[in-house]
Amino acid sequence: MGKKILSIAIIAAAIVVIVFSVVNAMNKKEKRENADQAADFTLETLDGTNVSLSDYKGKKVILNFWTTWCPPCKAEMPHMQNFHEKHEDSDVALLAVNLTTSDSIRDVENFIDGYGLTFPVLLDVDGEVGELYEIIPIPTTYFLDEEGNIMEKFIGTLDEEMIENILDSY
């Protein structure tokens, strides 16, 4: 009797997992078909250059929010840099928004130098863009299509393969 109940429980659990996976896949497809437009913003880089999200219309954009003191952010930065080096002349742009309200400019400079980052790092000094994009856990990365539609929001550490897979999905 106990083995039969265990077998039924395992089958029921498997069915729940399958149903959840199908519903989740359908939600992602629906989200992509009815994607929200990413809010435009303009922030400065360390050298004082103004960069607007709308400058990248026509390209897919990886919009990464991070801080210097965040261990998962530190873990993903080498992957971001490698991805950028491989794709900097492509139709994909990487923009890293530092949540500078919880960092200092000196920390950001040291971080960029220490990791050898060559992609644009934008400074959200007032926290307005982080608030606009509802950034709570970090790192958080938005994937935008060529028209600026939000295709995916990813919370957590990304590596190059994950970035490629997400970009290939839309």
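Here are the numbers for the structure shown:
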| item | result |
| --- | --- |
| Number of the condition not met by residue 116 [criteria: (1) without any contact (Cβ under 8 Å) to a residue 40 or more places away in the chain; (2) open to solvent by less than 60 Å² (accessible area, probe 1.4 Å); (3) farther than 14 Å from residue 41 by Cα; (4) in contact with a strand residue (DSSP E or B) (Cβ under 9 Å, 6 or more places away or on another chain)] | (4) |
| Pair list, Cβ under 6 Å, 6 or more apart: the range 159-170 residue under 10 Å from residue 76 (Cβ atoms), other residue surrounded by 14 or more Cβ atoms within 10 Å (Cβ to Cβ) and of a type in the set (Asp, Glu) | none |
| One residue from 117, 122 being in a loop (DSSP other than H, G, I, E, B), within 20 Å of residue 84 (Cα to Cα) and modelled with pLDDT of 95 or more | 117 |
| Output for the range 55-103, where each listed residue is of a type in the set (S, T, N, Q), open to solvent by 10 Å² or more (accessible area, probe 1.4 Å), under 24 Å from residue 136 (Cβ atoms) and assigned to a loop (DSSP other than H, G, I, E, B) | 68 |
| Among the residues listed as 108, 129, the single one being closer than 16 Å to residue 41 by Cβ, open to solvent by less than 20 Å² (accessible area, probe 1.4 Å), in a helix (DSSP H, G or I) and of a type outside the set (Lys, Arg) | 129 |
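The values are calculated or read from the model by the stated rules, or taken from the named source; none is laboratory data. Since we're looking at a predicted model, the values are computed, not measured. In this analysis, Cβ positions are derived from the backbone assuming ideal geometry, glycine residues included, and neighbour counts consider all displayed protein chains. Remember, those area values only see protein heavy atoms, side chains included, never the ligands or the DNA or RNA. Shrake-Rupley method; radii C 1.70, N 1.55, O 1.52, S 1.80 Å.
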